[in-house]
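Remarks on the structure that follows.
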Amino acid sequence: MMKLVAAFLGLSFWLALPMSAAEAPSNFAMHETPRPRPEIRFEDGEGNESTLADFRGRTVLLNVWATWCVPCREEMPTLDRLQAELGGPEFEVLALSIDRAGPDAVREFYSEIGIENLAFHIDPSAKAMFALGMVGLPTTILIDREGNELGRLVGPAEWDSSEMTEFIRSTINQD
């Protein structure tokens, strides 16, 4: 019994240590090896069709959300700030709305809360949600430069927190 208590206390000590920049936050489920992702289709702000393949060559944080999803609405400004800080030729936050109300609902929401850095993407059919095997909203998937899923987080997050920003930055640099 004492050995079990000692092992638990030792494990607790290691869990309490700060994580290195390359480790995922505890609520981010990383895969042991990258997983192929199905090709999903969606539209950009002008109604042009896009796919995940259009983003190959850069690390992508795919956030699937909807304007009627309260946690999605709350985390959207943090995704906007993450894109402002890290977005560029090496990385993009791809916010994909599944709003059936269409593009006008998403545009109104972006305007209402002041989204300035996230590009507009929508899949009103919600086929992407099913193709990606999602179980709820929001779901955020980290995708490597080759289009493979590195891991995912189901539920809201503080995407612009120092912990998350450093994790994403280290992933971009490793990828």
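What are the pairs, 6+ residues apart or on separate chains, where a residue within the range 95-108 that is assigned to a strand (DSSP E or B) and at pLDDT 95 or above has its Cβ under 7 Å from a residue that is surrounded by 19 or more Cβ atoms within 10 Å (Cβ to Cβ) and among the charged types (D, E, K, R)?
Once the first residue is assigned to a strand (DSSP E or B) and at pLDDT 95 or above and sits in the range 95-108, its partners that are surrounded by 19 or more Cβ atoms within 10 Å (Cβ to Cβ) and among the charged types (D, E, K, R) give Leu96/Asp123.
Being under 15 Å from Phe42 (Cβ atoms) and touching a Leu at 6+ places or on another chain (Cβ under 6 Å), is that true of even one residue in the range 104-122?
Yes: the range 104-122 contains one or more residues that are under 15 Å from Phe42 (Cβ atoms) and touching a Leu at 6+ places or on another chain (Cβ under 6 Å).
I'd like to verify a number: residues in the range 47-85 that are surrounded by 15 or more Cβ atoms within 10 Å (Cβ to Cβ), more than 24 Å from Asn148 (Cα to Cα) and touching a Leu at 6+ places or on another chain (Cβ under 9 Å), how many?
Residues meeting the conditions: 1.
Please specify each residue of the range 91-125 satisfying the condition of being surrounded by fewer than 17 Cβ atoms within 10 Å (Cβ to Cβ) and either among the hydroxyl-bearing types (Ser, Thr, Tyr) or on the phi > 0 side of the Ramachandran plot (or both).
Gly102, Ser111, Gly114, Ser125
Would a scan of the range 123-133 turn up a residue that is more than 15 Å from Asn27 (Cβ to Cβ), in contact with a Ser or Thr (Cβ under 9 Å, 6 or more places away or on another chain) and part of a helix (DSSP H, G or I)?
yes
How about the range 28-80: which strands (runs of 3 or more DSSP E) wholly inside it have at least 1 residues that are aliphatic (A, V, I, L, M) and touching an Asp or Glu at 6+ places or on another chain (Cβ under 8 Å)? Can you show your working first?
Numbers: elements: 29-36, 41-44, 49-51, 59-65.
Counting at least 1 such residues, we get 59-65.
With respect to the numbered conditions (1) closer than 22 Å to Ser170 by Cα; (2) surrounded by 13 or more Cβ atoms within 10 Å (Cβ to Cβ); (3) more than 14 Å from the chain's Cα centre (by Cα), which one is the sole condition not fulfilled by Gly88?
(2)
For the range 153-175, what are the residues that are more than 14 Å from Leu86 (Cβ to Cβ) and surrounded by 20 or more Cβ atoms within 10 Å (Cβ to Cβ)?
Result: Leu153, Pro156, Ala157.
The values are calculated or read from the model by the stated rules, or taken from the named source; none is laboratory data. Owing to the predicted nature of the structure, the values given are computational and were not obtained by experimental measurement. Please note: Cβ atoms are built from the backbone with ideal geometry, for glycine as well, and neighbour counts cover all protein chains shown.
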